[in-house]
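**Q** I have a structure I would like to understand better, so I am pasting it below and will then ask my questions one at a time.
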Amino acid sequence: MANTTEITVRYAETDCMGVVHHAVYPVWFEIARTDYIKAAGMSYAEIEKSGIMLPVAGITCKYRFPAKYDETLLITAKITRLNAARIEFSYTVTKKGESAVLAEGTSSHGFVDAKTFKPINFKKQCPEFFAVLEKYAKIDEE
């Protein structure tokens with residue numbers, strides 16, 4: 001299940017060249033990832049209340065074409081890797097109504113205990129939601 005989030009570029013997100021600053025894309029990835037998790041049936045807040053955190057272990061972004069102020073963008077997120085200890089998402093950024101990819105990237109996250117930050121087995125701690133994510137990850141592979 002890929003999930004798409006619509007964002008309108010704000011003036012504050014652009015640099016002196018009039019294009020979106022490179023540091024904004026990871027923020028948009030986070031918004032898209034949060035929307036993906038919510039669409040799958042659980043919010044990040046609910047996951048954190050259950051004592052689980054998902055810190056970022058790595059992030060990538062390739063910039064292909066510039067986005068500009070007031071453009072409507074679509075950030076599509078999907079799961080590219082999932083196991084009991086880690087999850088990875090991929091993202092594509094396109095301009096609404098166009099197919100050219102403006103940017104693409106990934107983020108990887110570990111499942112950790114909220115108090116100790118030690119790795120946990122998410123599949124054992126949250127089996128129902130893990131099963132949902134696993135199902136969506138398989139759909140995303142297709």
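**Q** Tell me which chymotrypsin sites (Phe, Trp or Tyr not before Pro) from segment 83-142 have a DSSP coil assignment and no more than 14 other beta carbons within 10 Å of their own.
**A** Within segment 83-142, the qualifying chymotrypsin sites (Phe, Trp or Tyr not before Pro) (loop, at most 14 other Cβ atoms within 10 Å) are Phe117.
**Q** Run the helix sum for the chain: -39,500 (n - 2.57) per DSSP H stretch of 4+ residues, divided by residue count, reported at 222 nm to the nearest 500 deg cm²/dmol.
**A** Calculated from helices alone, the mean residue ellipticity at 222 nm is -8500 deg cm²/dmol.
**Q** Moving on. Given Lys38/Lys95; Lys38/Lys115; Lys62/Lys95, which pairs have Cα atoms separated by over 20 Å?
**A** From the list (Lys38/Lys95; Lys38/Lys115; Lys62/Lys95), the Cα-Cα distance tops 20 Å for Lys38/Lys95; Lys38/Lys115.
**Q** Need the C-alpha centroid separation for segment 85-142 versus segment 67-84, integer Å.
**A** After rounding, the separation between the Cα centres reads 11 Å.
**Q** Please work out how much length the chain gains when fully extended from Lys62 to Asp15, using 0.36 nm per residue of separation minus the C-alpha to C-alpha distance, in nm with one decimal. Each step should come with its number before you reach the end.
**A** On the way: separation 47, 0.36 × 47 = 16.92 nm, distance 1.77 nm.
Value of the extension gain: 15.2 nm.
**Q** Loop-only GluC sites (Glu not before Pro) in segment 1-101, please: DSSP not H, G, I, E or B, and at most 12 other Cβ atoms within 10 Å.
**A** Answer in residue order: Glu98.
**Q** May I pose another question? If you take the beta carbon distance between Ala114 and Ala39 as r and set R0 to 25 Å, what does 1/(1 + (r/R0)^6) give as a FRET efficiency, to the nearest 0.05? Write out the running numbers ahead of the final one.
**A** Numbers: r = 23 Å, r/R0 = 0.92.
Taking R0 as 25 Å, the efficiency between Ala114 and Ala39 is 0.60.
**Q** Still on this structure: In nanometres, what is the gap between the two model label sites at Met53 and Glu71, each 7 Å from Cα along Cα-to-Cβ?
**A** Distance between label points: 3.5 nm.
**Q** Right, here's the next one. By how many nm would the segment from Asn121 to Arg81 lengthen if fully extended, with 0.36 nm per residue of separation less the alpha-carbon distance? Spell out each step's value before the answer.
**A** Numbers: separation 40, 0.36 × 40 = 14.40 nm, distance 1.51 nm.
Gain on stretching Asn121 to Arg81: 12.9 nm.
Read-outs: derived from the displayed coordinates by stated rules, not from any lab. Treat the numbers as computed from the prediction; the structure is a model and nothing was measured. Using ideal geometry, Cβ is built from the backbone for each residue, glycine included, and neighbour counts are taken over all protein chains shown.
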